[in-house]
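Below: one structure, written as structure tokens.
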Amino acid sequence: MLLGLAATPAIAQDDERVARLFEELQAAGPAQTDGLSAEIREAWSRSGSPAIDLLLTRGREALGMGDVEAAVEHLTAAIDHAPGLAEAHVLRANAYYLDGLTGPAIDDLRAALAIEPRHFGALEGFAALLEEMGRPEAAREVWGRVLALKPQDAQAGEAAHRLDIMLGGRTL
């Protein structure tokens, strides 16, 4: 629920659309995976408020330009006004990571996953951090969750395969 209000009809329609897109993603071939994933992320980027959507857009743009400080400011404002917007948490986690702030990045990824457990962007970020922190078993488990959502995802498949080799076939 955004801003303590019931979901607007547009948000409810997006929820239904996202559910359909996830169904399509399960059956999609490799060529369709990226497009469907982008559609899902785009739907997750709509809060129902033009002002919050603008903050999210500005945060994403600042992140793309490498202006981590501006990205954190915009995304924090979006989260302050719409704490249930998982995509804002994921983007701010990216900004924190780029700024060398692993703890806050993990906190934001956890918040995003509490809001939207299927948020594959949060899962991918979390898996990468776990691997970077020397926790390959945990990273492999999280990559497995990504593959459960996006079976044809090349990045997740490659990461899972690489970790399987690294772990030498050990049971997870």
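The values are calculated or read from the model by the stated rules, or taken from the named source; none is laboratory data. Fair warning: this is a prediction, and the values are worked out from it, not measured in the lab. We place every Cβ from the backbone using ideal geometry, glycine too, and count neighbours over all the protein chains shown. Note: accessible area is taken over every heavy atom of the protein model, side chains too, but ligands, DNA and RNA are not part of it. Shrake-Rupley method; radii C 1.70, N 1.55, O 1.52, S 1.80 Å.
Brief remarks on what is shown
- Among the numbered conditions (1) within 22 Å of ARG41 (Cβ to Cβ); (2) touching a helix residue (DSSP H, G or I) at 6+ places or on another chain (Cβ under 8 Å); (3) open to solvent by 60 Å² or more (accessible area, probe 1.4 Å); (4) not basic (Lys, Arg), the only one that GLY144 does not meet is (3).
- Condition met for ILE106 (part of a helix (DSSP H, G or I) and closer than 17 Å to ARG46 by Cβ): no
- For the range 117-134, the criterion of being open to solvent by 30 Å² or more (accessible area, probe 1.4 Å), assigned to a helix (DSSP H, G or I) and basic (Lys, Arg) is met by none of the residues.
- If you go through the range 67-85 and keep only what is open to solvent by less than 10 Å² (accessible area, probe 1.4 Å) and part of a helix (DSSP H, G or I), you end up with ALA71, LEU75, ALA78.
- Scanning the range 93-110 for residues that are open to solvent by 30 Å² or more (accessible area, probe 1.4 Å) and either more than 22 Å from ASP153 (Cα to Cα) or charged (D, E, K, R) (or both) yields a total of 11.
- Residue ID - surrounded by the most Cβ atoms within 10 Å (Cβ to Cβ), chosen from residues in the range 147-172 that are outside any helix (DSSP H, G or I) and without any contact (Cβ under 8 Å) to a residue 40 or more places away in the chain: LEU167
- Criterion: assigned to a helix (DSSP H, G or I), more than 13 Å from ALA112 (Cβ to Cβ) and without any contact (Cβ under 8 Å) to a residue 24 or more places away in the chain - qualifying residue of GLY100, GLY59, GLY35: GLY35
- Residue in the range 5-18 that is modelled with pLDDT under 90 and β-branched (Val, Ile, Thr) present: yes
- Among the residues listed as ALA93, ALA148, ALA154, ALA128, the single one being under 25 Å from GLY35 (Cα atoms), modelled with pLDDT under 95 and among the hydrophobic types (A, V, I, L, M, F, W, C): ALA154
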